Ligand SMILES: Nc1ncnc2c1ncn2[C@@H]1O[C@H](COP(=O)(O)OP(=O)(O)OP(=O)(O)O)[C@@H](O)[C@H]1O
Ligand SMILES: [Mg+2]
């Protein structure tokens, strides 16, 4: 009886717990929420207690601008939990906003994605945080499988598909066939490292000190992975390293591209290694179908073309690449009872 009611009122929830963004899918509704994976906290001076003052976009807007005692943190680093309690806060916030935990009978079943190469301990931490945040049951699915389902790749068929997901903290590539991962490779380097590379470049070239949020803005506004037909420039404001005063410099897309190049090369090499390890029959399918690119960094100008040239394989950017994993998790959710049997990688949470 209880189970019946909780099923009715609970609404199953799918979560893409990303380093940069947390995206939430509610069964029957689709993607309902996408928020930065940020939490702002205030440390009480004496007792040392921590109080959460903002979560998601409100917290991200505070990054680098907080007064003494307040800080913004990213509880996920490189795709895995770095701060357990704050990850739990983040998930709880999402479940509440998504309407999943509004009453005692409404504890939802949650499917949540994790990078393919996480350790058992890291995977268990995700399950525990999800249960701690109010889920009745928690299941995890490997991100590449979710991303592939999310973009509609025929992963259950005996046909090779390659998906490359480049997010904030991780870049992951996987070859899938017959519902499973045949080859996978990953790097704990992605969009965040691109931001850091821009910070370092501006410091070196212009003695200009900027924060990560500004660097991300530069990356999105003028970043690229191939020369542009018309190169871009923008004025970047920050602090002069020499005298500590505010200043602004005009930065070109050529300089930004140079700064991003080592990271793009690393990603390219990671995919090359995966292609080399792919059995020839599946490699042939991949050349026919193309590599599907998902994750926020797939929106970087020229990246798909650049990878396509370097890998001699078509590269196609997924529709709404930042929601691909969440849509795939949702796909699993819509058929959870069947999927539990089909996908070996879906684990039941230890309650
Ligand atoms: N137009 C754009 N050009 C370049 N980068 C972008 C663009 N839009 C978003 N990004 C970057 O994409 C990254 C976020 O992507 P996404 O939401 O897929 O990551 P995530 O899933 O949270 O991280 P991960 O999968 O690594 O845990 C950020 O680094 C962001 O700056
Ligand atoms: Mg991701």
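Which residue, 175, 26, 236, has the most motion in a Gaussian network model of the chain that connects Cα atoms within less than 10 Å?
Most flexible of the set in this elastic network: 236.
In the Gaussian network model of the chain, springs joining C-alpha atoms below 10 Å, which of 295, 238, 48 carries the largest mean-square fluctuation?
Evaluated over the chain, the most mobile residue of the options is 48.
As a test, work out the antiparallel percent of DSSP beta bridges whose residues both lie in the chain, rounded to the nearest 5.
Working: 46 of 63 bridges.
Expressed as a percentage, antiparallel bridges in the chain total about 75.
Rank 272, 27, 43 by mean-square fluctuation in a GNM of the chain with C-alpha springs under 10 angstrom and give only the top-ranked residue.
43
Measure off 7 Å from each Cα along the Cα-to-Cβ vector at residue 336 and residue 58, then give the distance between these two points in nanometres to one decimal.
2.8 nm
Work the Kirkwood hydrodynamic radius out for the stretch 259-346: mean of 1/r over every pair of different alpha-carbon atoms, inverted, in Å.
Values: mean 1/r = 0.0675 Å⁻¹.
It is 14.8 Å.
Jot down the radius of gyration and Dmax of the chain, Cα atoms only, both in angstrom.
Spelled out, the Cα radius of gyration and Dmax of the chain are 21.0, 70 Å.
What is the gain in length, in nm to one decimal, between residue 96 and residue 196 on full extension, counting 0.36 nm per residue of separation less the C-alpha to C-alpha distance?
Values: separation 100, 0.36 × 100 = 36.00 nm, distance 3.29 nm.
Separation in residues times 0.36 nm, less the Cα-Cα distance, equals 32.7 nm.
Among 221, 184, rank each residue by its count of other Cβ atoms within 10 Å, from fewest to most, as a rough exposure measure. Numbers along the way, then the final one.
Working: 221 14, 184 19.
Result, fewest neighbours first: 221, 184.
From the convex hull of the Cα coordinates of the stretch 191-259, what is the mean projected area in square nanometres? Spell out each step's value before the answer.
Details: hull surface 16.2 nm².
Computing the convex hull of the Cα atoms and averaging its projections yields 4.0 nm².
Sorting 240, 78 on the 10 Å Cβ count, fewest up front, what's the list? All intermediate terms of the calculation are to be shown ahead of the outcome.
On the way: 240 15, 78 18.
Fewest-to-most ranking of 240, 78: 240, 78.
I need 266, 230, 237 ordered by Cβ neighbour count within 10 Å, fewest first.
Values: 266 14, 230 5, 237 11.
Listed from fewest to most nearby Cβ atoms, that is 230, 237, 266.
Could you compute the FRET efficiency for residue 240 and residue 305, with r as their C-beta to C-beta distance and R0 at 35 Å, rounded to 0.05?
Working from the Cβ atoms, E equals 0.40.
Where a number appears in this text, it was derived from the coordinates with a stated rule and is not lab data. Model, not experiment: these values are computed from the prediction. Cβ coordinates were reconstructed from backbone atoms using ideal geometry, including for glycine residues, and neighbour counts include every protein chain displayed.
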